[in-house]
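The block underneath contains the structure these notes are about, expressed in structure tokens.
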Amino acid sequence: MSTENHLVLSAIGEDRPGIVNELARCCSEYRCNIVDSRMTILGGEFAVLMMVSGAWDAIAKLESALPSLAKKLDLLMHVKQTRQRQPAQSISYSVNVVSLDHPGIVHDIAQFFTKRRINIEDLQTSTYCAPHTGTQMFNLNLMINIPPDTHLASLREEFMVFCDELNLDSVIEPMRGI
């Protein structure tokens, strides 16, 4: 049994320099290790999802210190204890989709995979203006975990047909380097 305990925090607040430094300093000060994180700027807001690990007493002290840090940094913060996730029996694939931007793309793609019992592990989207035309474009990147009993060739074919029907350019391929 692992002696490591885990804490997940999510926070959002107006973007400004120093937020990452303060969060990392606080984790270090309480002898906690940042084991996984996503940080980004959305509009004018800084958003972070972070999982830290440490001994039970270090996690408890960090958890107690975070509300005052959130207040100091003017962040809305949510904290939850968790456990390290056990690796799934699955095959990791990368999915990239590009199309003209319109509402419903994420839902359509998520529904496609959900109907097939395929878990979405990571999802990132963005929009941008196409060169020359300035048309609003949509880009989606997913990491999915496919159950081992799934017929991969059939899944790939179904996904390509699905994307063609919705006028989405897509690539689905095995993850490399994991």
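Overview of values
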item: Estimated [θ] at 222 nm from DSSP helical runs (n ≥ 4, -39500 (n - 2.57)) normalised by residues in the chain, nearest 500; result: -9500 deg cm²/dmol
item: Label point distance in nm, residue 166-residue 45, each placed 7 Å from Cα along Cα→Cβ; result: 2.4 nm
item: Spatial extent of the stretch 5-82: Rg and Dmax, with the Cα atoms as the point set, Å; result: 11.6, 37
item: Rough spin-label spacing in nm, given labels placed 7 Å along Cα→Cβ, for residue 72 and residue 130; result: 4.9 nm
item: Long-range Cα-Cα pairs in the stretch 38-115 (distance over 22 Å), rounded percent; result: 55 percent
item: Principal axis dimensions, largest first and in whole angstrom, of the stretch 45-178 by Cα; result: 52, 43, 27
item: Pairwise Cα inverse-distance average, inverted: Kirkwood Rh of the stretch 10-51 (Å); result: 10.7 Å
item: Tilt relative to the chain, helix 105-114 - C-alpha long axis, 0 to 90 degrees, to 10; result: 90 degrees
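Bear in mind that the values in this text are calculations on the coordinates, not laboratory data. Treat the numbers as computed from the prediction; the structure is a model and nothing was measured. Note that we place each Cβ from the backbone using ideal geometry, even for glycine, and neighbour counts take in every protein chain shown.
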